[in-house]
Each structure stands twice: as C-alpha cells, then as structure tokens.
Amino acid sequence: MKTEEEINEILRILADEYPAPQTELNYKTPFQLLIATILSAQTTDRQVNKITTELFSKYNNPEDFLDLTPEELAEEIHGVGLYRNKSKYILKTCQKLVDEYDSQIPKTREELMELSGVGRKTANVVLSCAFEFDTIAVDTHVFRVTNRLGIANSDNVRRTEEELMKNLPQDKWSSAHHWFIFHGREICKARNPRCGECPVNHLCDYYKELD
DNA sequence: AACTCGGGGCA
DNA sequence: TGCCCAGAGTT
C-alpha cells in the first residue's frame, strides 16, 4: 500500500499528464447523464458519444423516450452494443421516473439502483457527476488501475470504493476518477499494459513485480 | 455463481 | 478472424 505522500505524488503526475477531459460532465442534464451512463455498460464512452448527440437532440426527457416502442429505441441506440436490453432498461426507467419521481432524477443511491439498468457504478456516476455528491464510481478501469498502483488493495469493487474514499483526498475524488479511467484505457490496459510509457511506473506495485 | 446480451479493437 | 474487453439483470 502507498503512503499519503506517494499517493499525492501519483495524483500530481496524473493531473499533469491528463488535463481531465471529464466526459461525463459534458451532458447537460442529470437525465442525459443517466441515460448515457446506462448506455455505456460494457462499452467505451467513445461509442456512446457517437450516438448521444443525435439521440438527445430528438429525445430529451422521459416522456420523449416513452413515445418509442422498444424496437424503435433499440434502432436509435444501435452501435452501443447490448442494445435490445438497454432499450428495455431505458424505457422501464423512464416509466418509473414519470410515475414515481415527477420526471426528476432521484438523488440517493438506493433509489437510483432501483431503476432498471442502473447498478452501483451507474448510480455513483450520477451522484458524483450530476449532483456532486461525495462518491467514487468504480468501474473496471478504476478498479484495475488503483489496485495495480497500490492505491487500493482489494478483490472486490465495493471494498475498492471504500478504500479509495479513505485513501484519496476528497477534493481529488472527481478528477482522480477521470484520470484513472483515461490511464486505464490508454496505458494501464487490462492486457498488454504499456508500463514502459507509464508516467507513474516508478510508484507502481504491479510494475515492481513484473520482472 | 454462471450465463446472457452486441460490437469494437487488437493479436 | 477469433479472443478479450466492459455492467447489469436473470436463472
């Protein structure tokens, strides 16, 4: 595990390396962020971004989506993968938003996770990016990167979330989330990680154990 | 706990 | 061109 100084050094280097694109924050409303995050399951947000501009120009609230049949919506979101499931989840979620939340997005993790297609990761993204609540959304990139670096040490996403909230300074939670995701995609990849190009390899537990 | 759902990226 | 990757729901 890392000392506070080592963690701050890692964060400093990553901040310098990745001027946080913060892609989730590009969505204009909590509703857009929620839908985009449901769409992003098992895909990159690059794929999601390809379709959301047009999608949200046509449908921008739960009522708009409820005008569509599952088949029509599936057609609209073609390209993000798992589109039939995601179409059903989104329509079910929109119906619930209309029926139970006056078309607003609920602000607690428990309520968000009751929505179809919304698990812990999606709920945390909405809480931290749309409502700026103090949460860290742990997807597989964040999980892999932080465990390799030694900022977390856990075989379980739920515990990693707790460890990160304990080990990272709170004012860095939001930006660190984006650094880890970007780093995980470009450098610290699941397979064939490019450790030679990694700006924090001298501070990485995984890199130390390589040879 | 294992399986399903689509497609993009890379070996 | 086949294998790996990325969440949530279902069985």
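The values are calculated or read from the model by the stated rules, or taken from the named source; none is laboratory data. Since the model is a prediction, treat every value here as computed from it, not as a measurement. As a convention, Cβ positions derive from the backbone with ideal geometry for all residues, glycine included, and neighbour counts pool all protein chains shown. Accessible surface areas use protein heavy atoms only, side chains included; no ligands, DNA or RNA. Shrake-Rupley method; radii C 1.70, N 1.55, O 1.52, S 1.80 Å.
Just how large is the dipole of region A:136-210 about the Cα centre, in debye to the nearest 20, putting +1 at every Lys and Arg Cβ and -1 at every Asp and Glu Cβ?
Working: 11 positive and 10 negative charges, 37 e Å.
For region A:136-210, the charge dipole is close to 180 debye.
Shown in residue order for region A:178-193 are the 3J(HN,Hα) couplings computed by the Karplus curve 6.51 cos²θ - 1.76 cosθ + 1.60 at θ = phi - 60°: 6, 4, 5, 5, 4, 4, x, 6, 8, 10, 8, 6, 4, 10, 6, x Hz (x for Gly and Pro).
For region A:107-211, applying the loop criterion from DSSP together with a ceiling of 10 other beta carbons within 10 Å to the GluC sites (Glu not before Pro) yields A:Glu132, A:Glu209. Take chain A with all the other protein chains still there, run a 1.4 Å probe, and you get 53 Å² of accessible area per residue.
Residue by residue, region A:25-32 carries 3J(HN,Hα) couplings of 6, 6, 7, 6, 10, x, 4, 4 Hz when phi is fed to the Karplus relation 6.51 cos²θ - 1.76 cosθ + 1.60 (θ = phi - 60°); x denotes Gly or Pro.
Using a probe of 1.4 angstrom, how much of the accessible area of chain A is carbon and sulfur, in percent? Mind dumping the intermediate values first?
Working: 5180 of 11080 Å².
Carbon plus sulfur share of accessible area: 47 percent.
Just need log10 I(q)/I(0) for region A:117-188 at q = 0.19, 0.20, 0.22 Å⁻¹, Debye formula, equal scatterers on the alpha-carbon atoms, no solvent, rounded to two decimals. Cα-only, vacuum Debye calculation for region A:117-188: -0.69, -0.77, -0.94. Computed on the Cα trace of chain A, the radius of gyration divided by the Kirkwood hydrodynamic radius gives Rg/Rh = 1.01.
Across the options A:Cys188, A:Ser154, A:Thr108, the greatest Cα extent toward the positive end of the charge dipole of region A:87-204 (unit charges at beta carbon of Lys, Arg, Asp, Glu) belongs to A:Cys188.
The relative contact order of region A:30-131, computed from alpha carbon pairs under 8 Å that lie at least 6 residues apart in sequence, is 31 percent. Separation of region A:145-211 and region A:45-102, taken as the distance between their Cα centroids, equals 32 angstrom.
Positive end of the dipole of region A:1-123 (Cβ unit charges, origin at the Cα centre): among A:Val118, A:Thr29, A:Ile13, the Cα lying farthest that way belongs to A:Val118. In this structure the amide hydrogen of A:Ile136, modeled in the peptide plane, comes within under 5 Å of no amide hydrogen from residues 5 or more places off or on another chain. In a reduced charge model with +1 at each Lys and Arg Cβ and -1 at each Asp and Glu Cβ, region A:24-156 shows a dipole moment near 600 debye about its Cα centre.
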